[in-house]
Amino acid sequence: MKKGLDEIAIMDGRFSVAAFKFVYEGLAYTIKNIVGEQQHISGQTLCEGLRRMAAEKYGRLAPLVLRSWGLKTTRHFGEIVYTLIDYEWMSAQPTDTIDDFNDVYDLQTAFDDLVAF
């Protein structure tokens, strides 16, 4: 039986359950709002989808919310993705690596241009 996101997050221990749910939900958001159809999504594209989704949901508080979940870099998104790949919640292409998530943007300043007062 496939483990649930809550159980995976608790077993992993690095990030909150909310962070795991956010990244998983962000995949569907990215397909719907950025890619437009079911296809392979790169780490960079997923990071952009997560950025937009966080801005929509949390506005200027997005960096604070992400940080409260343990997410401080885009690499952390990749760490969650690769944990979810290990548990068969997501999949990767042979050419994908966790390094695709390195330094895609700075989580402290990435929302400045997406969020208006």
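None of the figures in this text is laboratory data; all of them are computed from the coordinates on show. Since we're looking at a predicted model, the values are computed, not measured. Using ideal geometry, Cβ is built from the backbone for each residue, glycine included, and neighbour counts are taken over all protein chains shown.
In percent, rounded to a whole number, the relative contact order of the chain is 29, using alpha-carbon pairs under 8 Å and six or more apart. Of the DSSP H helices in the chain, those with a Cα length along their own long axis of 15 Å or more and a mean Kyte-Doolittle hydropathy reaching -0.5 comprise 17-30, 74-86.
Computed from label points 7 Å out along Cα-Cβ, the spacing between TYR82 and ILE98 is 0.3 nm. Panel order for HIS76, HIS40, by other beta carbons found within 10 Å of each beta carbon, from fewest to most: HIS40, HIS76.
Listed from fewest to most Cβ neighbours within 10 Å, the set ILE80, ILE41, ILE31 follows the order ILE31, ILE41, ILE80. Extension gain for LYS3-SER91 works out to 30.1 nm (0.36 nm per residue, less the C-alpha to C-alpha distance).
As a proxy for reagent exposure, ARG60, ARG52 were ordered by neighbouring Cβ count within 10 angstrom, fewest first; the result is ARG60, ARG52. Counting only DSSP H runs of at least 4 residues, each contributing -39500 (n - 2.57), and dividing by the residue count of the chain, the helix-based mean residue ellipticity at 222 nm comes to -15000 deg cm²/dmol.
Annotation: for a label point projected 7 angstrom from Cα along Cα→Cβ of SER42, residues of region 74-106 with backbone N closer than 20 Å are 74-82, 91-106.
Normalised by 2.2 N^0.38 Å, where N counts its residues, the alpha-carbon radius of gyration of region 5-101 equals 1.00. In a DSSP loop and with at most 10 other Cβ atoms within 10 Å, the GluC sites (Glu not before Pro) in region 37-89 are GLU37, GLU88. Across MET53, MET90, MET11, mean-square fluctuation computed from a Gaussian network of the chain (C-alpha pairs under 10 Å connected) peaks at MET11.
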